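Trainee: Dropping a structure here in structure tokens format, bear with me for questions.
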Amino acid sequence: VYSLRLSREVSILMIVVYAAYLYFQQKTHRHLFDEQPACSIQPSPRSNASPSAAAPAADSDERPEGGAASVPVPAGANREEEGSGGDDDDDDEEPEYSMFFAIAATAVVALLISLLSDFLVDSLEGAAEGLHLSKHFIGLVLVPIVGNVAEHASAIMMALKMKLDIAIGVALGSS
């Protein structure tokens with residue numbers, strides 16, 4: 001009876017946290033989650049001035065009035081000028097695999113996962129006795145953590161790449 005009550009309380013808490021995340025993502029901080037280009041070059045505050053007034057002479061050691069030196073743009077940072085076409089052609093990509101292969105691969109993987117799940121469930125009792133842990137702890141804490149290792153690693157990698165919207169989405173989506 002206690003574990004049923006605890007399960008319901010935790011599920012309600014998770015729903016509330018997820019709803020708060022959705023509110024945060026869609027309403028209060030929408031600008032953080034909008035798609036932005038990987039490398040954006042900010043125009044200088046003097047962009048409305050004439051070209052001769054905006055840039056110092058090439059042989060001059062003077063900096064523009066703002067005091068900041070120009071920053072070199074890394075090679076390939078402005079892809080649109082190089083003719084790659086940007087992200088507009090992503091929808092026109094050909095699929096790598098046929099529909100039959102994709103469905104067959106999904107069915108095979110689902111079958112393998114169900115077999116591995118049976119092996120895992122059968123081994124939990126022996127692991128609980130050997131590790132001196134309760135079955136509830138192993139089933140409610142350890143199995144979900146180990147089962148979602150790939151998602152946790154993806155969330156950490158996205159966070160390290162400063163793609164926090166994806167990292168939060170993966171972390172909350174896996175829970």
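Trainee: Does I168 satisfy being open to solvent by 60 Å² or more (accessible area, probe 1.4 Å), of a type in the set (V, I, T), at pLDDT 85 or above and farther than 23 Å from Y2 by Cβ?
Mentor: no
Trainee: Now for a different question. What do you reckon, is K163 under 24 Å from the mean Cα position of the chain (by Cα), surrounded by 10 or more Cβ atoms within 10 Å (Cβ to Cβ) and among the charged types (D, E, K, R)?
Mentor: yes
Trainee: I need the full set of residues from region 114-126 which are surrounded by 11 or more Cβ atoms within 10 Å (Cβ to Cβ) and either among the aliphatic types (A, V, I, L, M) or in contact (Cβ under 8 Å) with a residue 40 or more places away in the chain (or both), in order please.
Mentor: Hits for region 114-126 are L120, V121, L124.
Trainee: Only one of (1) under 23 Å from S7 (Cα atoms); (2) in contact with a helix residue (DSSP H, G or I) (Cβ under 9 Å, 6 or more places away or on another chain); (3) in a helix (DSSP H, G or I) is not met by L133, so which one is it?
Mentor: All conditions pass for L133, except number (3).
Trainee: While we're on this one: Applying the selection to region 143-157, what residues are within 24 Å of V121 (Cβ to Cβ) and of a type in the set (A, V, I, L, M, F, W, C)?
Mentor: V143, I145, V146, V149, A150
Trainee: Same structure, new question: What pairs come up if the first residue lies in region 2-31 and is more than 15 Å from D165 (Cβ to Cβ) and touching a residue at least 40 places away in the same chain (Cβ under 8 Å), the second is open to solvent by 70 Å² or more (accessible area, probe 1.4 Å) and assigned to a helix (DSSP H, G or I), and their beta carbons are under 8 Å apart, counting only those six or more places apart or on different chains?
Mentor: S3/H136
Trainee: Given the conditions (1) within 26 Å of I15 (Cα to Cα); (2) open to solvent by less than 90 Å² (accessible area, probe 1.4 Å), report the number of the one that H136 does not fulfil.
Mentor: With respect to (1) within 26 Å of I15 (Cα to Cα); (2) open to solvent by less than 90 Å² (accessible area, probe 1.4 Å), H136 is out only on (2).
The values are calculated or read from the model by the stated rules, or taken from the named source; none is laboratory data. Not measured: the values here are computed from a predicted model. Neighbour counts run over all protein chains shown; Cβ positions are idealised from the backbone, glycine included. Accessible surface is based on the protein model in full, side chains and every heavy atom, while ligands, DNA and RNA are left aside. Shrake-Rupley method; radii C 1.70, N 1.55, O 1.52, S 1.80 Å.
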